[in-house]
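The values are calculated or read from the model by the stated rules, or taken from the named source; none is laboratory data. From a predicted model like this one, the values you see are computed outputs, not experimental measurements. Neighbour counts are summed over all protein chains in view; Cβ atoms, including those assigned to glycine, are modelled from backbone coordinates with ideal geometry.
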Amino acid sequence: MPPSRLLIYHADLRLKVANLPRASARLDSLVHRNGGYLSAATEVRAEGEWRQAITIRVAPARFQPLMAALGGLGTVEEKKLTTDDVTAQHADVAARLATKRAVEKRYIDLLARARKISEVLEVEGKIGEVREEIESTESHLKTLNDEVAYSIISLTCYQPLPQPVPEAPVVSFASRLVESFYTGWTLITSLLIGIVAIWPFLLLGGTGWWAVRRWRRSVAQAEV
């Protein structure tokens, strides 16, 4: 009979709710009813919404039923499910742990037979190193077992908050009069600056007009 697979289930769920306190109370009831618990929770009011971020742990057998129940708290805006098969990883970590424990036992046997202080110190140093590795591997294995035993649901519930509409500023007659005066003055200064800017064209135009008139006068005198 093949060994059972070791699976880690994880879900990301985002819900829009009409009333966050009411949804939160229903959430607690649903989690408790399905044998789960809340491992973390934060709440914040920002960017036009009242939001709760919650991490739920639940046994794999109740993972899908709880997900379906949570969807009834509001409008599901985002839902992501992932499944990680850690069977091979778990077996590898367990094998490494057994090997390190065997090494520790050999060092302990060597320590019992050591006669010199230098040998004792050397073996004790090796035992300290292998015990650190054993603790690290045990912690890794414990984490895998915990993730397999309790699936993770990362839930975000939020309630939109009404945004205040700023009132239109009241513009007084004096303010409008000052603004009109400033606009007129800006127009006049812009016109003067424009005339100054095109003085070469005015000069060329005047010179050309004078030359044409003089030419026409010369032609008229020649015909007479």
> Which members of region 60-88 meet the condition of being touching a helix residue (DSSP H, G or I) at 6+ places or on another chain (Cβ under 9 Å), exposed (fewer than 15 other Cβ atoms within 10 Å of the Cβ) and either outside the structural domain of Leu15 (by TED's automatic domain parsing) or of a type outside the set (D, E, K, R) (or both)?
Replying inline: Pro60, Gly72, Val76, Leu81
> Mind checking which residues of region 101-160 are free of Cβ contacts under 8 Å to residues at least 40 places away in the same chain and not in a helix (DSSP H, G or I)?
Replying inline: Ala114, Arg115, Lys116
> Can you tell me how many residues in region 60-92 are within 24 Å of Leu20 (Cα to Cα), part of a helix (DSSP H, G or I) and touching a residue at least 60 places away in the same chain (Cβ under 8 Å)?
Replying inline: 5
> With (1) within 24 Å of the chain's Cα centre (by Cα); (2) at pLDDT 95 or above as the list, and Gly48 as the residue in question, which single condition is left unmet?
Replying inline: (2)
>> Yes or no: region 91-103 includes at least one residue that is among the hydroxyl-bearing types (Ser, Thr, Tyr), under 28 Å from Thr55 (Cα atoms) and loosely packed, with under 15 Cβ neighbours inside 10 Å.
In response: no
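Can you tell me which residue is farthest from Ser151 (Cα to Cα) among those in region 6-59 that are among the aliphatic types (A, V, I, L, M), loosely packed, with under 12 Cβ neighbours inside 10 Å and in contact (Cβ under 8 Å) with a residue 12 or more places away in the chain? Let's see the steps before the verdict.
First, pick out the residues of region 6-59 that are among the aliphatic types (A, V, I, L, M): 6-8, 11, 13, 15, 17-18, 20, 23, 25, 27, 30-31, 38, 40-41, 44, 46, 53-54, 56, 58-59.
Subset that is loosely packed, with under 12 Cβ neighbours inside 10 Å: 18, 25, 40, 44, 46.
Then drop every residue that is not in contact (Cβ under 8 Å) with a residue 12 or more places away in the chain, which leaves 18, 40.
Values: Ala18: 27, Ala40: 14 Å.
If we take residues in region 6-59 being among the aliphatic types (A, V, I, L, M), loosely packed, with under 12 Cβ neighbours inside 10 Å and in contact (Cβ under 8 Å) with a residue 12 or more places away in the chain, then Ala18 is farthest from Ser151 (Cα to Cα).
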> For region 1-32, how many residues are among the charged types (D, E, K, R), under 16 Å from Arg57 (Cα atoms) and either touching a strand residue (DSSP E or B) at 6+ places or on another chain (Cβ under 6 Å) or modelled with pLDDT of 95 or more (or both)?
Replying inline: 1
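If the requirement is being over 30 Å from Ile8 (Cα atoms), under 57 Å from the mean Cα position of the chain (by Cα) and at pLDDT 85 or above, which of these qualifies: Leu141, Leu121? Give the steps one after another, and end with the answer.
Working: Leu141 fails: over 30 Å from Ile8 (Cα atoms).
Result of the check over Leu141, Leu121: Leu121.
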> Applying the selection to region 8-36, what residues are in contact with a helix residue (DSSP H, G or I) (Cβ under 7 Å, 6 or more places away or on another chain), in a strand (DSSP E or B), over 12 Å from Leu73 (Cα atoms) and not β-branched (Val, Ile, Thr)?
Replying inline: Tyr9, Ala11
